[in-house]
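Here the structure is laid out as structure tokens; the discussion comes afterwards.
The values are calculated or read from the model by the stated rules, or taken from the named source; none is laboratory data. Note that the structure is a prediction, hence the values are computed from the model and not measured. When we count neighbours, we look across all protein chains shown, and the Cβ atoms used for this are built from the backbone with ideal geometry, even at glycine. These area figures cover heavy atoms from the full protein model, side chains too; ligands, DNA and RNA do not enter into them. Shrake-Rupley method; radii C 1.70, N 1.55, O 1.52, S 1.80 Å.
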Amino acid sequence: MRVKIASDTTDAQARAIAEAMASKYREDVTVVDDGGAELASASADGGTDEPADPEPEPELGPTAREEALLAEIDEILAGGPEKYKDQLPDQGKLFVRDRIDLWFGDDFLFEDGKFAAFDDWHPDGANTDADDDDRLPADGLITGAAEFEGRDVHFMANDYTVKRGSMAAKGVEKFLRMQQRALKTGKPVLYLMDSSGGRIDQQTGFFANREGIGKYYYNHSMLSGRVPQICVLYGPCIAGAAYTPVFADFTVMVRDVSAMAIASPRMVEMVTGEQIDLQELGGPDVHAAHSGSADLIADDEEHARKLVAKLIGYLPNNSDETPPRTDGQAPAASPEGIDAVVPQEPNKGYDMFDVIDRIVDAGSTLELRSEYGPEIITAFARIDGRPIGIVANQPAHRAGAIFPDAAEKAAEFIWTCDAYDIPLLYLCDTPGFMAGSQVEKDGILEQGKKMIYATSSATVPKQSVVVRKAYGAGIYAMSGPAYDPESVIGLPSGEIAIMGPEAAINAVYARKLAEIDDEDERERMERELREEYREDIDVHRMASEVVVDEIVPPSDLREELEARFAFYETVEKDLPDKKHGTVL
């Protein structure tokens, strides 16, 4: 018999009810509450049973199977042979797992492919000696995701203790998956490179396959302009490994540690007979000053991280987003000093950074490729917290004339800014493109064409400031009036002309002046012609003819640019309907 009683009945009352009912009706009685839970019971023979206490749940923990897995993971995380790990401090670099910890710390999210090639070196516990050269943990390549400076990123990192960071089939597969996932997520990619290239003795299955190492560069090309790709070099990146840094949007090399080259010094000697060490062949100094392949040079691993942390702050996650803004800052130096910085004499040199420091937010400037084509400055900065790309002539170097390497640098920077929706500020003070036999051999027309093409094709907001000289095709490359800038602003020191006064007078009046025998009279005539010419090209004449939009007092330039960048922030521009242009 089951007897239901109120839930607030005490245990003693429940027992008494069970005993009484069992005695009266000579049946086993179970007393339950309103919810059906058993409170007490009594048997027909007068005994009373209380509910038995439930058996305690056994405490559960990792099984032997899980413990074995954890031990395998620990062995993978230990990396390659200890003897190679011991060499890393002398080489000035970190073990790859420590490097990842430096970059991400607690913001490391997850790793993919940790067990890649596991069966090749660890079947049933084989080949697990700490100094065995056949150890292949993670196949020498780590891929995953992390949060970096508040941004979700994909990353890859070579393990130099595993076959010198060389790449083989399983690592290649991980690299490709990471790139393909970045295309889907629209998140930036960090390449932490330290690789000797393809693993030659294992090349079958990954070199020329459709989904082999060659697909890296196809994927780089698809990612280019879609998501920022930033590469940091921590060691020798040779042959195929050297293409990732040059395909990336930005490349950082670590001084005295990193290098990149199409072939190793040993291979170079074999092919050409040239004897050269790796740093001379492809070290940071080579790629910073001569090839232009290095955007930034870091002093050490910590400095590399700081540079990338600053760099990524100017970039959106992908081409669909806008660059991140910060709180605005006043310039480091007063804008009131701009006019005093710019010399009255058109041919006198000065440092354009003295102007830039009076325009942009304090501490916001990050110059790229500073040693390559230094007569043009390419830099990120902010105006009132808004990221901008600066393309500025540098009169402190070769009078600000545009040489082939500078034109190439500027074209690529403009192209990158346009891809990631970063507005452009041109600061023009140039005698134009350099002339001469050597620059013709170096491709001044080809590289100049690329700079003009990039400026023409850029659809981001553009502001052009004629700081002083704007001669020849220099005004075209620097987004002059014909190149669809949102504004062309002149400073009172500005001049726009086919060429400078001296060259113009020599070209037009040389014969007439030569006919004047009196030296004083000839000098007087030259002076008058020069003054007339300069009146004709003065920025006031250009403003009168509405060639420039406005002449701005230099002290007001910062505020003027702040207002114009804000006003034109959402401007939309269309390019002609075509597949793409033919200028590369």
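Just a few scattered comments:
- Residues (under 28 Å from the mean Cα position of the chain (by Cα), under 23 Å from residue 164 (Cα atoms) and open to solvent by less than 50 Å² (accessible area, probe 1.4 Å)) located in region 58-108: 79, 88, 92, 93, 95, 96, 97, 99, 100, 103
- Qualifying residue in region 228-241 (condition: farther than 19 Å from residue 178 by Cα, assigned to a helix (DSSP H, G or I) and in contact with a Pro (Cβ under 8 Å, 6 or more places away or on another chain)): no
- The selection criterion, being under 27 Å from residue 389 (Cα atoms) and touching a residue at least 12 places away in the same chain (Cβ under 8 Å), does not hold for residue 513.
- Every residue from region 364-423 that is open to solvent by 30 Å² or more (accessible area, probe 1.4 Å) and closer than 17 Å to residue 309 by Cα: 365, 367, 382
- For region 154-168, the tally of residues that are at negative phi and touching a residue at least 40 places away in the same chain (Cβ under 8 Å) stands at 9.
- Picking from residues in region 448-486 that are under 17 Å from residue 338 (Cβ atoms) and touching a Leu at 6+ places or on another chain (Cβ under 9 Å), the one that is surrounded by the fewest Cβ atoms within 10 Å (Cβ to Cβ) is 463.
- The residues in region 534-553 that are in contact (Cβ under 8 Å) with a residue 12 or more places away in the chain and hydroxyl-bearing (Ser, Thr, Tyr) can be counted, and the count is 0.
- Only a single item in (1) over 27 Å from residue 277 (Cβ atoms); (2) touching a residue at least 24 places away in the same chain (Cβ under 8 Å); (3) open to solvent by 10 Å² or more (accessible area, probe 1.4 Å) is not met by residue 150, and it is number (2).
- Those strands (runs of 3 or more DSSP E) of region 328-441 in which at least 1 residues are more than 26 Å from the chain's Cα centre (by Cα) and hydrophobic (A, V, I, L, M, F, W, C), considering only elements entirely within it, cover 424-430.
- Of all residues in region 526-546, at least one satisfies being at pLDDT 90 or above and part of a loop (DSSP other than H, G, I, E, B).
- Residues being surrounded by fewer than 16 Cβ atoms within 10 Å (Cβ to Cβ) and within 53 Å of the chain's Cα centre (by Cα) - total across region 510-527: 2
A quick yes/no check of all residues on (1) surrounded by fewer than 19 Cβ atoms within 10 Å (Cβ to Cβ); (2) at pLDDT 95 or above; (3) within 22 Å of residue 415 (Cα to Cα); (4) not hydrophobic (A, V, I, L, M, F, W, C):
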residue	(1), (2), (3), (4)
168	no, no, no, no
181	yes, yes, no, yes
191	no, yes, yes, yes
194	no, no, no, yes
197	no, no, no, yes
200	yes, no, no, no
206	no, no, no, no
225	yes, yes, yes, yes
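- Flag not set for residue 445, criterion: under 18 Å from the mean Cα position of the chain (by Cα) and either surrounded by fewer than 24 Cβ atoms within 10 Å (Cβ to Cβ) or touching a residue at least 12 places away in the same chain (Cβ under 8 Å) (or both).
- One residue alone among 252, 271 is touching a residue at least 40 places away in the same chain (Cβ under 8 Å) and either part of a strand (DSSP E or B) or over 27 Å from residue 447 (Cα atoms) (or both), and that residue is 252.
- Long-range neighbours under 8 Å by Cβ, at least six apart or interchain, first residue on the phi < 0 side of the Ramachandran plot within region 277-301, second assigned to a helix (DSSP H, G or I) and among the acidic types (Asp, Glu): 279/285; 286/280
- A search for C-beta distances below 8 Å between a residue of region 38-62 that is farther than 19 Å from residue 6 by Cβ and any residue that is at pLDDT below 75 and in a strand (DSSP E or B), counting only pairs 6+ apart in sequence or on different chains, returns 43/49.
- Yes/no for residue 260 being aliphatic (A, V, I, L, M) and open to solvent by 10 Å² or more (accessible area, probe 1.4 Å): no
- Residues of region 424-438 satisfying the condition of being open to solvent by 10 Å² or more (accessible area, probe 1.4 Å) and over 18 Å from residue 351 (Cα atoms): 433, 434, 435, 436, 437, 438
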